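Below: one structure, written as structure tokens.
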Amino acid sequence: MFFSQKSSIFVLEMQGIVLHIEHKTDKTTLLYAYTREKGRQVFAVYGAGGRKKRLADLTPMSIVEITVQPSAKDIAVLQEVRLVYVPTRIPFEVKRKVVAMYIAEALTKVLRYELSDEPLYQYLIAVAQDIDQTEDIASLASEFTTNLSIMLGYGGEPIEELRELRSNELLSLL
């Protein structure tokens, strides 16, 4: 268990992928995640000190189980975060960390809707595990960009041109 703030109020549990963690003020942090149940979501973490430090252990593209307290506002309050898949190589290898950050940032910018999309979620789970496990990390960013574009309904000649670029050239741009 990474972070826990128990409460007797009704809570929801979701599985998701961490996209971004943003520190808004000294006492507020926002966690952006793509969840299986509700699509792209933003969760608020209130309180200073140790709780935020534990959130810092999460890397982009971490697969987590999230417990939230629903709120009347647009942002639910995060109660607990547990890792479902612990990456073993991403935190220690710079290229993997850069690829994970690139993919997470691209998802943060592209996924703006709050709808569940099970095939997209399963694809993102596979990508998150591939970043940690695959040996051919150089081509992962370009393959992801191409596949995500196709899954979101974009295609045509620009996608084919992207496929023709060499993976090493794309990685050097990161």
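Here are the numbers:
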| item | result |
| --- | --- |
| Stretchable slack from Asp57 to Glu118, in nm (0.36 nm times residue separation minus alpha-carbon distance) | 19.3 nm |
| Distance (nanometres) between label positions extended 7 Å along Cα→Cβ at Glu37 and Ile150 | 3.2 |
| Percentage relative contact order, the stretch 12-159, counting C-alpha pairs under 8 Å, at least six apart | 23 |
| Area accessible to solvent at Thr88, 1.4 Å probe radius, in Å² | 90 |
| Apportionment of accessible area to carbon and sulfur, the stretch 64-114, percent (1.4 Å) | 59 |
| Projected label distance in nm at Met101 and Lys24, using a 7 Å step from Cα toward the beta-carbon | 2.4 |
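The values are calculated or read from the model by the stated rules, or taken from the named source; none is laboratory data. Please read these numbers as outputs of a predicted model, since none were measured by experiment. All Cβ positions, even for glycine, are placed from backbone atoms using ideal geometry, and neighbour counts span all protein chains on display. Quick note on the areas: whole protein, heavy atoms, side chains included, nothing else; ligands and nucleic acids left out. Shrake-Rupley method; radii C 1.70, N 1.55, O 1.52, S 1.80 Å.
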